[in-house]
Amino acid sequence: MPSAPIATPGLAATNAGEIETASMADFCEAALRLLASPVDTTTGRIAYSEDVLHPELGARGWLGGV
């Protein structure tokens, strides 16, 4: 799952204002890392993109709008 709303043309069209967004490239990188990880450590868990990209920061979950 994305850790924040993804910056897309659709989000821009909603006039979402000054909310903090995540880049599509970062979200795709997180997805690729999950696909390449061992299934015994990833199956059945909810993984947020920033938690996958920066595990050294600990689990932070949803960061949108913060």
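Surrounded by 13 or more Cβ atoms within 10 Å (Cβ to Cβ) and of a type in the set (Asp, Glu): does that describe residue 18?
So residue 18 fails the test.
How about the stretch 40-66: which of its residues are open to solvent by less than 70 Å² (accessible area, probe 1.4 Å), at pLDDT below 85 and at positive phi?
65
Of all the helices (runs of 4 or more DSSP H) wholly in the chain, which have at least 3 residues that are without any contact (Cβ under 8 Å) to a residue 24 or more places away in the chain?
9-13, 24-36, 39-42
The values are calculated or read from the model by the stated rules, or taken from the named source; none is laboratory data. What you are looking at is a predicted structure, and each value in this text was computed from that prediction instead of being measured. Cβ sites come from the backbone with ideal geometry, for glycine too, and all protein chains shown count toward neighbours. Just so you know, the surface numbers come from the protein's heavy atoms only, side chains and all, with ligands and any DNA or RNA stripped out. Shrake-Rupley method; radii C 1.70, N 1.55, O 1.52, S 1.80 Å.
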